[in-house]
């Protein structure tokens, strides 16, 4: 049994993790610890405060006791909001506090883009434009070429958490372009685990979503590769590895 640990802000799309655990169909256990979010608003300073080292260190002890083998800070904006170097320091501090390998959703996106073998991506974000711009800057710092982006301009995670498949598909279509080899849907408040297959069929390319890449990143940190077609191309590029 491989136990994966996640620090998840709030309670917006937490059920995505139970769904992903089910779709993995293997001996993988997902452990979720909820962190406080302060004010639910897509504003840069508020997003940075969500991922402060003090807050993350305070909540990681519960994951240590659960037997988790790796921890991922399951917030895209709460990591890329600190910039490339700041996000690295955030992860280093989390690893020290947890005593285990650590990463964040923003780095998960960079690593997942490499995993699916693409370079040019489109970004479909629910955020305001200024927040989306920070994410695209982060991707470019990780040598990912962003050829198109779309910002839905929503004000808070609570609104995004209520979106269903029609809204998610509309968001993806708004950003997609023929030049993009993959489409990225940031924000762990967005329910996507049940829609990835439909998104990839609709767009004809790999689709990477926040909660999907977050779990994949934790598996990567524990040297697991699990084949799960329901979770899209990201989870079908390597054979199952039994540990």
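What follows draws every value from the coordinates through simple rules; no lab data is involved. The shown structure was predicted, so the numbers you read here are calculated from the model rather than taken from an experiment. Neighbour counts run over all protein chains shown; Cβ positions are idealised from the backbone, glycine included.
Using only the alpha carbons, work out the radius of gyration and Dmax of the chain in angstrom.
Spelled out, the Cα radius of gyration and Dmax of the chain are 16.1, 47 Å.
If you rank 100, 1 by fewest surrounding Cβ atoms within 10 Å, what's the result?
Details: 100 17, 1 9.
Least crowded to most crowded, the residues run 1, 100.
Evaluate the distance, in nm, between pseudo-label points positioned 7 Å from the Cα of residue 170 and of residue 237 along their respective Cα→Cβ axes.
The modelled label-to-label distance comes out at 3.1 nm.
Treat segment 138-212 as a sphere of radius equal to its Kirkwood radius over Cα pairs and apply Stokes-Einstein at 37 °C in a medium of 0.692 mPa s; give the translational diffusion coefficient in µm²/s, rounded to a whole number.
Values: Rh = 12.9 Å.
The calculation lands on 255 µm²/s.
What residue among 26, 75, 106 has the largest mean-square fluctuation in a Gaussian network model of the chain, using Cα springs under 10 Å?
Per the Cα network of the chain with a 10 Å cutoff, 26 tops the list.
Only helical DSSP H runs with n ≥ 4 go in: add -39500 (n - 2.57) per run for the chain, normalise by residue count and round the 222 nm mean residue ellipticity to 500 deg cm²/dmol.
Working: 12 runs with 110 residues, N = 243.
Taken over the chain, the calculation gives -13000 deg cm²/dmol.
Cut-off 10 angstrom, C-alpha nodes, Gaussian network model of the chain. Which of 101, 126, 186 fluctuates the most?
Per the Cα network of the chain with a 10 Å cutoff, 101 tops the list.
So, by mean Cβ neighbours within 10 angstrom, what's the order for 145-153, 208-216 with the highest one leading? Mind dumping the intermediate values first?
Values: 145-153: 18.0, 208-216: 27.8.
By packing density, highest mean first, the sequence is 208-216, 145-153.
Could you please rank 21, 62, placing first whichever residue has the fewest other Cβ atoms within 10 Å of its Cβ? All intermediate terms of the calculation are to be shown ahead of the outcome.
Working: 21 18, 62 15.
Ranking 21, 62 by Cβ neighbours within 10 Å, fewest first, gives 62, 21.
Can you tell me the FRET efficiency between residue 54 and residue 147 if r is taken as the Cβ-Cβ distance and R0 is 35 Å, rounded to the nearest 0.05?
Working: r = 37 Å, r/R0 = 1.07.
FRET efficiency, residue 54 to residue 147: 0.40.
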